1. Report, in cubic angstrom per residue, the convex hull volume of the C-alpha atoms of the chain.
2. Per residue of the stretch 108-118, in order, report the coupling 6.51 cos²θ - 1.76 cosθ + 1.60 (Karplus, θ = phi - 60°) as ³J(HN,Hα) in whole Hz, putting x for Gly and Pro.
3. Counting other beta carbons within 10 Å of each residue's own, what order do Thr59, Thr68 fall into, fewest first?
4. Give the calculated FRET efficiency between Leu72 and Val108 to the nearest 0.05, with a Förster radius of 22 Å applied to their Cβ-Cβ distance.
5. When the helix-only estimate is applied to the chain (DSSP H runs of n ≥ 4, each -39,500 (n - 2.57), divided by the residue count), what is the mean residue ellipticity at 222 nm, nearest 500 deg cm²/dmol?
6. Could you line up His67, His58, His111 from fewest to most neighbouring Cβ atoms inside 10 Å?
7. So what's the net charge close to Glu21: Lys and Arg +1, Asp and Glu -1, counting the other residues with Cβ under 14 Å from its Cβ?
8. Suppose every K and R has +1 on its Cβ and every D and E has -1 on its Cβ; what is the size of the dipole of the stretch 6-138 about the Cα centre, in Debye to the nearest 20?
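Derivation of every value follows stated rules applied to the coordinates shown; laboratory data play no part. Quick caveat, the model's predicted, so the values are computed rather than measured. All Cβ positions, even for glycine, are placed from backbone atoms using ideal geometry, and neighbour counts span all protein chains on display.
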Amino acid sequence: MSADKLIVKRIINAGIDSVLEAFSKPEIMSMWFYPDQDMSAVVSNTFRVGGGYEIKLHTKSGDTYTHTGEYLEIVSPEKIVFTWNSDFVNDTVVTVTLSETENGTEVVLSHEFLPEGEITDKHRSGWGGCLDRLNAYFN
């Protein structure tokens with residue numbers, strides 16, 4: 001396992017309450033929670049501590065990647081912590097912090113307990129793509 005956290009940051013062109021809503025409502029998450037335009041997402045969740053989520057990413061070529069986890073901490077509107085499980089990793093932890101800025105909301109996403117190497121690189125790229133899509137959702 002890696003001792004370091006993967007960290008991805010973006011400024012999202014929206015207020016903090018709107019960004020929190022985009023991370024908590026499955027109908028909104030399904031519009032941006034996939035890393036590139038050749039994918040789509042089906043999302044279900046129970047947004048509360050102890051609640052869970054499932055994100056099914058579908059590619060145009062017919063592949064499906066399923067991600068599941070449990071919400072460990074929710075401090076509205078500035079912090080969400082959840083486990084992240086997939087075909088590639090299990091029991092990793094994602095922390096999303098939100099803070100208002102002059103230009104919108106800064107999102108800092110950290111992903112812990114990923115193995116070093118290619119898996120971490122793919123998650124860095126994936127999270128970056130998701131956050132870019134989140135910003136595009138608001139523009």
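1. Hull volume over Cα atoms, normalised by residue count, gives 96 Å³.
2. 10, 10, 10, 10, 10, 6, 7, x, 5, x, 4
3. Values: Thr59 13, Thr68 17.
With the fewest neighbours first, Thr59, Thr68 line up as Thr59, Thr68.
4. It comes out at approximately 0.85.
5. My calculation for the chain gives -7500 deg cm²/dmol from helical runs alone.
6. On the way: His67 19, His58 15, His111 22.
Ascending Cβ contact count within 10 Å gives the list His58, His67, His111.
7. Counting the neighbours of Glu21, the net charge comes to -2.
8. Computed charge dipole of the stretch 6-138: roughly 200 debye.
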